[in-house]
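Have a look at the structure below before the remarks.
Read-outs: derived from the displayed coordinates by stated rules, not from any lab. Predicted model, so just to flag it, every value in this text is computed and none were measured. When we count neighbours, we look across all protein chains shown, and the Cβ atoms used for this are built from the backbone with ideal geometry, even at glycine.
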Amino acid sequence: MRHCSQNKSSATGCAPNELKPLNLTKDSSWISIRPRDLPTRPVRTYVSLKGDRGFIDLTFTGASFGSFYKGATPLLRADMSAHATGKSSAIRIEVEGFRPSEDLSSALPRVRRAFAACADLIAFIVSTGNDLTEWHLKRCHARIRPEN
């Protein structure tokens with residue numbers, strides 16, 4: 001998700017801290033969110049809302065699932081699970097899926113639950129940030145300098 005720069009608001013036509021409209025493909029229910037609080041190093045971390053599938057993923061790009069699973073699993077709550085997502089790993093909360101083409105009155109409660117799960121994952125990473133950051137730093141250090 002892109003946002004207006006505080007220093008260049010006049011060039012973009014946005015007020016400071018105002019979000020630009022999302023550029024979505026028609027009928028797409030996948031949205032990626034990365035608040036400033038989420039780390040970009042040692043790996044980029046963001047929340048991916050996969051509305052049609054009902055998956056809300058806190059994604060860690062390039063994190064090997066085997067080592068990620070060992071490091072993240074002890075921190076997870078009962079409603080969370082660890083998953084491999086392509087070349088990344090994720091902490092997932094499952095909700096009831098939705099599609100943009102659905103009637104608003106029936107889809108809105110499910111969309112709200114999905115965004116509440118996004119907020120929950122963001123709060124989770126902020127609250128456990130030190131533990132997950134230490135795990136990532138150890139993982140990246142081990143990859144750069146393998147121990148003998």
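Per-residue counts of other Cβ atoms within 10 Å, averaged by peptide: what ranking do you get for 70-79, 101-110, highest first?
By packing density, highest mean first, the sequence is 70-79, 101-110.
Through the Karplus equation 6.51 cos²θ - 1.76 cosθ + 1.60, θ set to phi - 60°, convert the phi angles of the stretch 49-57 into ³J(HN,Hα) values in whole Hz; use x for Gly and Pro.
9, 10, x, 5, 8, x, 9, 10, 10
Given H placed on each backbone N at 1.01 Å, which residues far from Ser88 in sequence or on other chains put an amide H within less than 5 Å of it?
Gly62
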